[in-house]
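**Q** Pasting in a structure now, in structure tokens, and then I'll have a few things to ask.
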């Protein structure tokens, strides 16, 4: 297995890079999750998002990937975008590979849930009415006392 891919990026994400980081001849399944910026949330129209990360966010992302890989014995990878994103942009790409699809789906789902819960990245949603709100500040403070 090659070096673990766990990165925070201000550049557009390439799912192929994340897929390639986990694929191998021993794996019959590679599951790639793409988190896409959608145009609505809670009944409100969203125009754009801004993601900001704590300076140590990449460390937390790497730790999530390492722990999921160690627990499952399978390769995983993830890249999270920061900065200004528009509708349709990729915010998160995560992948897991396994000999069979059920394992790959389960491990990829676990990885995504841990990233959302443990990595100190905050999202500012900009609505079409000119208002905005930050999402994830409370959850991050609960998970990482002293961070934020």
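Bear in mind that the values in this text are calculations on the coordinates, not laboratory data. Note that this is a predicted model, so its numbers are computed, not measured. We place every Cβ from the backbone using ideal geometry, glycine too, and count neighbours over all the protein chains shown.
**Q** Could you tell me the distance between the Cα centroids of region 89-114 and region 20-82, to the nearest Å?
**A** What the calculation gives is 8 Å, centre to centre.
**Q** Please report, largest first and rounded to whole Å, the three semi-axes of the ellipsoid equivalent to region 64-132, where each semi-axis is the square root of five times an eigenvalue of the C-alpha gyration tensor.
**A** Details: eigenvalues 171, 30, 17 Å².
That gives 29, 12, 9 Å for the three semi-axes.
**Q** Extension gain residue 86-residue 4, at 0.36 nm per residue separation less the Cα-Cα distance, in nm?
**A** Details: separation 82, 0.36 × 82 = 29.52 nm, distance 2.82 nm.
Full extension of this stretch gives 26.7 nm more.
**Q** For the chain, take the longest principal axis of its alpha carbons; what is the angle in degrees between that and the long axis of helix 57-72, to the nearest 10 within 0 to 90?
**A** The angle comes out near 40 degrees.
**Q** While we're here: Any idea how far apart residue 116 and residue 26 come out in nm if each label point goes 7 Å out from Cα toward Cβ?
**A** Inter-label distance under the simple model: 3.1 nm.
**Q** Using Cβ counts within 10 Å as a stand-in for footprinting exposure, how do 44, 81 rank, fewest first?
**A** Values: 44 13, 81 24.
Lowest count first: 44, 81.
**Q** For the chain, take the longest principal axis of its alpha carbons; what is the angle in degrees between that and the long axis of helix 101-118, to the nearest 10 within 0 to 90?
**A** It is inclined by approximately 40 degrees.
**Q** What FRET efficiency comes out for the pair residue 11/residue 59, r = Cβ-Cβ distance, R0 = 22 Å, nearest 0.05?
**A** On the way: r = 20 Å, r/R0 = 0.89.
With a Förster radius of 22 Å, E is 0.65.
**Q** Next question, about the same structure. Describe numerically, in nm with one decimal, the distance between label points set 7 Å from Cα along Cα→Cβ at residue 127 and at residue 36.
**A** 2.4 nm
**Q** In percent, how large is the relative contact order of the chain, given Cα pairs closer than 8 Å and 6 or more residues apart? Could the numbers behind the result be given before it?
**A** Values: 317 pairs, mean separation 46.8, N = 148.
After rounding, I find 32 percent.
**Q** Hey, another quick one. What full-extension length gain, to one decimal in nm, is calculated for residue 71 and residue 102 as 0.36 nm per residue of separation minus the Cα-Cα distance? Walk me through the numbers before you get to the answer.
**A** Details: separation 31, 0.36 × 31 = 11.16 nm, distance 1.58 nm.
Contour length minus the Cα-Cα distance gives 9.6 nm.
**Q** What are the extents of the Cα atoms of the chain along their three principal axes, in Å, largest first?
**A** 50, 33, 25
**Q** Any idea what the relative contact order of region 1-60 is, in percent, if you count C-alpha pairs under 8 Å spaced at least 6 apart?
**A** Relative contact order here is 31 percent.
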